[in-house]
Every structure is written in structure tokens, then in C-alpha cells.
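One structure below.
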Amino acid sequence: MTRLTTPEVSAPRRPRSGATAADLMTPNPVSIQASAPVHEAVAFLTDTGYSAAPVIDEAGRAIGVISRTDIVVHDRNRLESLTATSPAAPVDTARVRDLMTPTVFAVAPELPATEAAQRMADYNVHRLFVVDRDGILVGVLSALDLLRHLCRGPESEEGS
């Protein structure tokens, strides 16, 4: 006779109530200038393995995000516009600003982590930009950052 056992289920862990966006973000994120050619964004995303990156203006303010999806859509549209009689594809002169998503979901460094998670869910986004009082990009808080925080055991919070 087979005996079934039920695994012990522990209570879900709660995040530290005092954690903020600054505590969990990736500080000093690598970003892409809006004026950069698309091929630089492709190389950057491919080489780093990132799925997206913040786009900044000359002053360092986040003005959008460029993602692999933005690039795929751009390439598809570009290919569709080429005719079968074209002897060669013209050089792509597009800039990051031409295909980035010009929406910035920004939060202050002191925003509680629980509120940041709620905003990600409400906005249906995978990352929030963390900006200082002058609007300068100081970090990126990703869904993965929040998941890592939730998965930490109590022993990692004792020294905090």
C-alpha cells in the first residue's frame, strides 16, 4: 500500500517593511544616449544580455526605455518597407530616440518596496527608474530585484 504524505508548508515570507527602492535597486545603471545609433543599442543589449535599458538625454535624465522588442518591431517594419526590387538594404540611420518607448515610470529612492511592487503591477511593467530630486537616473528597480528580496531568508535580514 502506498502511503501519501503532505509536505510541510511554511508561511510565506514577508518582505522587510522598511525596504525602499534605493535598498533594492541596481545603482548607477548603464544607460543608452537617445542620440545613439540603433546598432549600438543592439550590440549593448546583445552583449549584456539585458532585455531593456534606460534611455537618457544629455543631462542624464531618463526619457524612455529601449527594449529588444522595440528593436524587433523596428526591424520588421524596416524589412516590410523594402521592396523586392531593391538591390541592397539601405543603411539603418535610425537613432535610439526614434524607436524607444518614451514613457518613464520613475520613483523616488525612498519609496517603500511594497509600493514599488504595487506600481509595477498597476502599470504592468518589469522595471521602474529610480531618480533623484533633479530627475537624474540613479538606479533601476526590476521585478527580479523585488523577487530576490522576497526570497531572502530571515537570516539575511538579521544583519540589516
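What follows is calculated from the coordinates using simple rules that are stated; it is not laboratory data. Computed from a predicted model, the values in this text were never measured in an experiment. Using ideal geometry, Cβ is built from the backbone for each residue, glycine included, and neighbour counts are taken over all protein chains shown.
Summary table below
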{"read-out": "Val125-Arg78 FRET efficiency (beta carbon distance; Förster radius 25 Å; 0.05 resolution)", "value": "0.45"}
{"read-out": "Placed amide H near Val138: partners under 5 Å, 5+ positions off or other chain", "value": "Val130, Val131, Asp132"}
{"read-out": "Cβ-based exposure ranking for Arg68, Arg133, Arg127, Arg76, in which fewest neighbours within 10 Å come first", "value": "Arg133, Arg76, Arg68, Arg127"}
{"read-out": "5 angstrom amide H check on Val65, placed H, neighbours 5+ away", "value": "Val55, Thr101, Thr103"}
{"read-out": "Hz values of 3J(HN,Hα) by residue in region 57-66 - Karplus curve (6.51, -1.76, 1.60), Gly and Pro given as x", "value": "8, 4, 8, x, 8, 5, 10, x, 9, 10"}
{"read-out": "Cut-off 13 Å between beta-carbons: net charge of the residues surrounding Ala59, Lys and Arg +1, Asp and Glu -1", "value": "-3"}
{"read-out": "Cβ-based net charge around Pro27, under 12 Å, with every Lys or Arg adding one and every Asp or Glu removing one", "value": "-3"}
{"read-out": "Sequence-distant residues sharing a close amide H with Ala36 (under 5 Å, placed H)", "value": "Val96, Arg97"}
